[in-house]
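Worksheet: the structure to be examined is printed underneath.
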Amino acid sequence: MTHELCGSVCALGGFQFAALQAIYWCFCGNSYGSQGAAPAWECIHVCSGNSRQNCGGDYRNRVLRLSYTGSSEDACMNRNVFVPGNRTFVELNIPDAPAFRTLQSAGLPECLYRCRSGCQAVIFSQQQRLCHLLELAAVPAALSSASSGDFFVRR
């Protein structure tokens with residue numbers, strides 16, 4: 001884990017903050033939290049991927065504020081930002097070409113990170129820890145039972 005890795009994963013979801021905790025955990029969110037800053041001596045863990053970076057402490061976050069300039073130079077990066085979407089269910093009949101893949105995922109940031117080439121949207125179920133990677137920005141009818149998960153589309 002490094003500041004760059006956690007920040008990049010959280011940027012995929014367009015989050016405002018990335019937080020590193022206890023050497024290797026990465027969390028993403030849009031609020032700083034209500035607890036305020038912890039004493040420096042409680043945030044002593046170095047990052048597993050870069051010993052020169054601080055990765056918080058036990059139950060203590062090293063919070064990074066993410067910024068997006070929106071300039072034309074960022075057009076490539078902006079294609080990798082996901083936003084909450086409205087679900088549209090579609091019936092697909094494409095032989096030998098699945099419209100989605102399902103895999104285990106520890107959290108939404110990991111699910112968004114795994115949505116790479118050929119992936120246009122995701123459904124993430126926190127309760128089941130399942131990530132559905134969708135080839136189209138529409139939900140295949142076969143996944144109608146996954147309606148309880150969070151749906152994000154590539155911007």
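The values are calculated or read from the model by the stated rules, or taken from the named source; none is laboratory data. Here the structure is a predicted model, which is why all the values come from computation and not from measurement. Every residue, glycine among them, receives a Cβ derived from its backbone with ideal geometry; neighbour counts consider all protein chains shown.
Observations, loosely collected:
- Residues located in the stretch 1-20, provided they are β-branched (Val, Ile, Thr) and more than 20 Å from residue 153 (Cα to Cα): 2
- So residue 122, is it under 21 Å from the mean Cα position of the chain (by Cα), under 22 Å from residue 5 (Cα atoms) and modelled with pLDDT under 80: no
- Close pairs (8 angstrom Cβ cut-off, 6 or more residues apart or separate chains): under 13 Å from residue 59 (Cβ atoms) and surrounded by fewer than 19 Cβ atoms within 10 Å (Cβ to Cβ) in the stretch 15-38, aromatic (Phe, Trp, Tyr) and modelled with pLDDT of 85 or more anywhere: 22/59
- Matching residues in the stretch 28-46 - criterion: being modelled with pLDDT under 90 and either of a type in the set (D, E, K, R) or within 15 Å of residue 3 (Cβ to Cβ) (or both): 28, 43
- Residue in the stretch 99-155 that is surrounded by the fewest Cβ atoms within 10 Å (Cβ to Cβ), counting only those that are in a loop (DSSP other than H, G, I, E, B) and hydrophobic (A, V, I, L, M, F, W, C): 106
For every residue, the table says whether it meets (1) β-branched (Val, Ile, Thr); (2) within 23 Å of residue 126 (Cβ to Cβ); (3) assigned to a strand (DSSP E or B).
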site: 4; (1), (2), (3): no, no, no
site: 14; (1), (2), (3): no, yes, no
site: 19; (1), (2), (3): no, yes, yes
site: 31; (1), (2), (3): no, yes, no
site: 44; (1), (2), (3): yes, no, no
site: 53; (1), (2), (3): no, no, yes
